[in-house]
Every structure is written in C-alpha cells, then in structure tokens.
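Readers should treat all values here as calculations from the given coordinates under stated rules, not as data from a laboratory. Quantities reported herein were computed from a predicted structural model and do not represent experimental measurements.
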Amino acid sequence: MERASDLNAWELVLQRVRMEMEPEDFRRWFSSTSYAGDSGDQINVWIGSEAIRRHIETHFREELEHALAAINRPDTLIRFIVAGFGDEEDEDKEDL
C-alpha cells in the first residue's frame, strides 16, 4: 500500500471517493481517469470521454467536493480534460 505522501492530489481524491461508492461504480466511472497536473488551485485530470466527464460532473460532484475538503483542498478546482476518442462533440474542457 502506498503512503499518502507518495500519492498525487488526484490519487488522494480518488481514495476518498472510492470509500463513498460501490466498487463497480467506482471502476466504471473513474478507471479512465489519470492525473495530468496540479497548479495548486486546480487539479488537471485526463478522462476517457466526454460522456464519462459529463456523468462524473453530474453525479459525483458532491463526492469530489467532500474529497477535496478531506485533503485540505476545499477551494481547488478539478479540471477534466477529455483525452479519449469517441462521442466528444468537441474538445470541450470543463471545470468542476
């Protein structure tokens, strides 16, 4: 098991979100995400498709906000960057 100090900000958020979800739902919606960077006030996260981005932002906003507060980053934005191919209407980038 990795120590918290060895994890990036997105991994810390995911640890918290995982505790609030069914394992299959967590796998379905968060397995295509990966850490892209952290500027202090914004965590950038690659995500597999626009549909997954929309679903996470619509259905898991509260869990993400709770996770950010739990890691002492309550004012940090999570920016999902669509990196996959599929149903994207455009290269839309949205902030949470």
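Residue by residue, what Karplus-based ³J(HN,Hα) values in Hz, rounded to whole numbers, does region 33-40 have, using 6.51, -1.76 and 1.60 with θ = phi - 60° and x for Gly and Pro? Using θ = phi - 60°, the values come out as 9, 8, 5, 10, x, 9, 9, x Hz.
Convex hull volume per residue, computed on the Cα atoms of region 4-95, equals 93 Å³. Close amide H pairs (under 5 Å, H built 1.01 Å from N) link Asp38 with Asn44, residues at least 5 positions away or on another chain.
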